Amino acid sequence: MKKNKKEGQSFWKNFKRQMGLMRTKLIASFVAVLVIPSALIGYFSYQSATEQVRKQMTEAAISNMHLVQSNITGYITPVVNNLQMMSWNFTSELVGTEKMQADLDHIQKNHPELDQVIVANDQGAYSSSPQFEKEGYDPRSRNWYKNSQKSPSEVVISEPTQSNSTGKMIVTISKAFVTGGGSATFNLSLDKLTDSLKDTTIGGSGGLLVLDEQGKVVTGSSTMVGMFKPGQKADDFLKLPKQDSKDIYRSIIDANGYEMEVFKLSEPTTGWDIVGIVGTSDYSDAAHPIMVRAIVVIAISIVIGALIILLMLRLFVAPLKKLQMGTRRVTEGNLTERVPLDKDDEFGELASDFNSMTDALQTMVTNLNQTSTKLAFSSQTIQESIQQTSQSVQHVAQTVQESAELANMSAAASGETAKAVEEMAKGVSTIAESASLIVDSAEHTENEVERGSRSVSEVNGQMERILEAVDESAQMINDLSKLSESASRMNEAIADIAKQTNLLSFNAAIEASRAGEHGRGFAVVATEVRLLAEQSKQTAEDIESTLSQMIDLIEKSTANMNGQVKSQVGEGLRISEEAAAVFRNIEKSTTSIVEQIQDISAVAEEMSASTEEVSATVHELAHQSKYSAESAETTSAAAQEQMAAMEEIEASSHELASMATDLQELVKRFKV
């Protein structure tokens, strides 16, 4: 259990460390910059394509409805006009005559769309073409006759019915005679109108229906006739409102879970409604290939972007690792290593400056090591000399004491004392010479430390100049980003032009379709213009995508210049400042050592002068020993003072030796 817990903690610790690495942050940033915009572009491109397809299909449906409206008007209007002419020319007296029959046959022959023509008067007589005789047939009992008589000034159009004689779907169009006493009716076949509509489709599954004023199906596309039979009431199912306006009504209906969009347009001559029906799923089905292409393009872009990201990471991470390893070696005290980075970019310049700093630091540490060695040797020499001098002074003190006690009877002892004093003088001279050597070495060390401080200051200045160069590079990249934004605005203008060209080509195609056979050439030109506009639009979108990626890469490069490079330069500045602080501490220590040595030299000179005075006194005592009891006591006191001074010198020499040892330990951590 504890082992699993430790493994879990180790895993999370390693995971947090990996997430905190600059490499991981760069990968996450690049992936976010690549995937998020690509996904957004794909999503909005699909939505835009769906909306554009919806708009085109809607415009096509409305165009087809207007075309059907024109066909119905062109199909019904001539029949209505002929019927109105007959109502003016025919009278009830002509019904049943040969002239009437000849006129009806002529009309029937010239209008094959008429299934039958019937004329009847108020006495029950009638004429028809083609002729028929039906026992008990009374036209006055027929709905067409009754309805026309109820509205004698209007043309009455009946509901679609099936002809008893031919079995075809027909519409009865009736009009009362202007002079009264009868009515005429045309049984208009709907076959020609049905043929013109049966192949009309909207989208993948939609079509057109023609409804009469009661909402019953007159005819429609073959796809719609399968759902709604002629004569079937479809108005309630489609939930269409009654309207007199010429505008197109639009609504969304739900037919047993299948969502459909319904369009309605009224035909003024007949009062019929032209209904367009299209499944809303057709819009997304039509845009599905666009979505597939967008996904493929995004996937390819992500793969290419991933390769570019890996290449960029190698270009950034490899120099950083080399600089990091070089910094660690210097931190560990190894000044023999150099960063092997020979490039002409900022990393190469930083590596060159780092190597120069390491060279200067290596030279300084080498000189400092030599100086500290000399200082340690000199301090050891001083300490040995002081010990010898201390012993000599102690011996002098004892001799002077004995001379004070035995002054009257030890002239020979006074001579020995003189010799001892001379040896002490020699020792003091040796101390003075050693102190002088230490002063010279310490001053030389101080000069070398000052040179090292200047070198570190020069490195610091070079780092600051690198930082200024990085800022200038970042400013240049920002200027490039602004130029890219200007190019993006130009690209948007190109996209607008392509959109307008596409719209113009679509309108031209509509006008060409209205022109019929004469507009075919114009329709081909309009189609080519539309294809050219779509290609321009696609090219503009590709340019916009490329500009967007370039702007994103420029922004990330600017962020990297302002973040990563500045951070590394700042780290170099911090390291150089730490080195400068170390040199300042060394300079302070060296200055303190010089002051201590100067104090020792002064004390040594004082000792030398005192020793000479003691020597003169002892020589005088050798000649005047019998008179030197009091002088011997004075000499004894002076020897005690000299002993105290020697103890102070010894303490100072110990302190100097300790400082020299510390300086050597500080220098030893560097490998030169």
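General remarks:
- Residue identified as at pLDDT 85 or above and surrounded by 13 or more Cβ atoms within 10 Å (Cβ to Cβ) among 56, 52, 84: 84
- Qualifying residue in region 198-207 (condition: among the basic types (Lys, Arg) and in a loop (DSSP other than H, G, I, E, B)): no
- Here residue 294 passes the criteria (1) within 21 Å of residue 577 (Cα to Cα); (2) in a helix (DSSP H, G or I) except the one numbered (1).
Conditions (1) hydrophobic (A, V, I, L, M, F, W, C); (2) crowded, with 19+ Cβ neighbours inside 10 Å; (3) within 60 Å of the chain's Cα centre (by Cα); (4) at pLDDT 85 or above, marked per residue:
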site	(1), (2), (3), (4)
132	yes, no, no, no
156	yes, yes, no, yes
162	no, no, no, no
184	yes, yes, no, yes
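- None of 509, 515 is of a type outside the set (Asp, Glu) and either exposed (fewer than 14 other Cβ atoms within 10 Å of the Cβ) or modelled with pLDDT of 75 or more (or both) except 515.
- Residue count for region 159-191 satisfying the condition of being touching a residue at least 12 places away in the same chain (Cβ under 8 Å) and either part of a loop (DSSP other than H, G, I, E, B) or of a type outside the set (A, V, I, L, M, F, W, C) (or both): 23.
- Selection within region 325-358 - among the β-branched types (Val, Ile, Thr) and either assigned to a helix (DSSP H, G or I) or not assigned by TED's automatic domain parsing to the domain that holds residue 574 (or both): 327, 330, 331, 358
- Under the condition of being within 21 Å of residue 331 (Cβ to Cβ) and touching a helix residue (DSSP H, G or I) at 6+ places or on another chain (Cβ under 8 Å), the residues counted in region 342-354 number 5.
Conditions tested, residue by residue: (1) more than 27 Å from the chain's Cα centre (by Cα); (2) within 22 Å of residue 190 (Cα to Cα); (3) acidic (Asp, Glu).
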| site | (1), (2), (3) |
| --- | --- |
| 30 | no, no, no |
| 38 | no, no, no |
| 42 | no, no, no |
| 54 | yes, no, no |
| 60 | yes, no, no |
| 64 | yes, yes, no |
| 79 | yes, yes, no |
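- Test for residue 399: is it at pLDDT 75 or above and either out of contact with any strand residue (DSSP E or B) (no Cβ under 7 Å at 6 or more places or on another chain) or outside the structural domain of residue 662 (by TED's automatic domain parsing) (or both): no
- Identity of the residue in region 518-536, modelled with pLDDT of 70 or more and within 32 Å of the chain's Cα centre (by Cα), that ends up surrounded by the fewest Cβ atoms within 10 Å (Cβ to Cβ): 535
- Flag for residue 116 being among the polar types (S, T, N, Q) and under 20 Å from residue 166 (Cβ atoms): yes
- Scanning region 260-267 for residues that are assigned to a loop (DSSP other than H, G, I, E, B), modelled with pLDDT under 80 and not polar (S, T, N, Q) turns up nothing.
- Counting only residues that are over 30 Å from residue 263 (Cα atoms) and assigned to a helix (DSSP H, G or I), region 55-114 holds 24 of them.
- Filtered by the rule that a residue be surrounded by fewer than 19 Cβ atoms within 10 Å (Cβ to Cβ) and closer than 22 Å to residue 251 by Cβ, region 61-81 gives 62, 63, 66, 67.
- Residue count for region 364-375, restricted to those that are modelled with pLDDT of 75 or more, touching a helix residue (DSSP H, G or I) at 6+ places or on another chain (Cβ under 8 Å), of a type in the set (Ser, Thr, Tyr) and under 22 Å from residue 454 (Cβ atoms): 1
- Look at region 328-345: where a residue is under 15 Å from residue 363 (Cβ atoms) and a partner is in a loop (DSSP other than H, G, I, E, B) and modelled with pLDDT of 70 or more, sitting 6+ places away or on another chain with Cβ atoms under 9 Å, you get 330/337.
- Considering region 281-312, the residues that are closer than 30 Å to residue 56 by Cα and within 20 Å of the chain's Cα centre (by Cα) include one that is surrounded by the fewest Cβ atoms within 10 Å (Cβ to Cβ), namely 300.
- Out of 378, 356, sole residue that is modelled with pLDDT under 75 and either among the polar types (S, T, N, Q) or under 56 Å from the mean Cα position of the chain (by Cα) (or both): 378
- In the set (1) part of a loop (DSSP other than H, G, I, E, B); (2) surrounded by 14 or more Cβ atoms within 10 Å (Cβ to Cβ), residue 145 fails one condition alone, (1).
The values are calculated or read from the model by the stated rules, or taken from the named source; none is laboratory data. The structure displayed is predicted, hence computed values, not measured ones. Positions of Cβ are generated from backbone atoms using ideal geometry, with glycine treated the same way; all protein chains shown enter the neighbour counts.
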